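Structure first, then comments.
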Amino acid sequence: MTAYHGGYGPPTADQRYKHSWTVSIYAVRNTKVSAAYAKARDGFEADLNETRVFHGWERVATFDTFARFRRKHFPWGDAVSFLHTEYQDGPDTGKYVPDNDHLRYEVWGVTRDRQYTVVASVHVSHPKLANWPHVREVESIEAFKQDRDVKLIETGNPKQFEPNLAAFDELVSSLKMQ
């Protein structure tokens, strides 16, 4: 595995920590990622939340949410992208709408030669979203999908996010497999 990481913003700014990013490249084709690209209609159906074990993350979330599911084509291969929130196990196991402290933009792809899996992720925020803990709860996935903040991140301009989602796609697009 090869991993790159960094942060958006000036090196001394708190924003650099808040907008940290990682790009991991694995020398194996992940079939769940290929299946998500081929068949999934949304981030829930992509079912990549359990795949986190694949790249060394411990699965401790109680409520995963997904929005803005898209198929992407990069010079190195094909991928899916989505906005993701994950709330951790603990005494408070509510179902919350997206907020600036838990929102991530993720790109999951497989190279054209099917030899590598790429997983890229960045913490993002949006000026119209609340910060934790000033977040609303929803009762169900159906209520989540109808929430105004979910609709905002689903259809909003990618340049309104911090960092800009299109700029992060450019970073991911610049990968060269050797």
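Worth pointing out:
- Complete set of residues in region 92-112 that are among the charged types (D, E, K, R) and in contact (Cβ under 8 Å) with a residue 12 or more places away in the chain: Lys95, Asp99, Asp101, Arg104, Glu106, Arg112
- Only one of the listed residues (Asn157, Asn131, Asn100) is of a type outside the set (Gly, Ala, Ser), touching a strand residue (DSSP E or B) at 6+ places or on another chain (Cβ under 8 Å) and farther than 17 Å from Tyr37 by Cβ. That residue is Asn100.
- Trp132 falls short on exactly one of the conditions (1) of a type outside the set (S, T, N, Q); (2) in a loop (DSSP other than H, G, I, E, B); (3) modelled with pLDDT under 80, and that condition is (3).
- Assessment of region 12-21 against the conditions (at pLDDT below 85, surrounded by 17 or more Cβ atoms within 10 Å (Cβ to Cβ) and out of contact with any helix residue (DSSP H, G or I) (no Cβ under 8 Å at 6 or more places or on another chain)) yields at least one matching residue.
- Checklist (1) surrounded by fewer than 19 Cβ atoms within 10 Å (Cβ to Cβ); (2) part of a loop (DSSP other than H, G, I, E, B); (3) at pLDDT below 90 applied to Arg29, failing item: (3)
- Selection status of Val150, modelled with pLDDT under 95, touching an Asp or Glu at 6+ places or on another chain (Cβ under 6 Å) and either not charged (D, E, K, R) or not in a strand (DSSP E or B) (or both): no
- Extreme residue, surrounded by the fewest Cβ atoms within 10 Å (Cβ to Cβ), among residues of region 160-173 that are touching a strand residue (DSSP E or B) at 6+ places or on another chain (Cβ under 9 Å) and assigned to a loop (DSSP other than H, G, I, E, B): Pro163
- Within region 32-56, tally of residues that are among the hydrophobic types (A, V, I, L, M, F, W, C), surrounded by fewer than 17 Cβ atoms within 10 Å (Cβ to Cβ) and at pLDDT 50 or above: 2
- Test: residue in region 142-157 that is in contact with a His (Cβ under 8 Å, 6 or more places away or on another chain), more than 17 Å from His102 (Cα to Cα) and touching a residue at least 24 places away in the same chain (Cβ under 8 Å): yes
- Residues being over 13 Å from the mean Cα position of the chain (by Cα), surrounded by 20 or more Cβ atoms within 10 Å (Cβ to Cβ), aromatic (Phe, Trp, Tyr) and at pLDDT 95 or above - total across region 62-112: 1
- Failed item, numbered, when Arg59 is tested on (1) outside any strand (DSSP E or B); (2) modelled with pLDDT of 85 or more: (2)
The values are calculated or read from the model by the stated rules, or taken from the named source; none is laboratory data. Predicted model, so just to flag it, every value in this text is computed and none were measured. With ideal geometry, Cβ positions are generated from the backbone for all residues, glycine too; neighbour counts draw on all protein chains shown.
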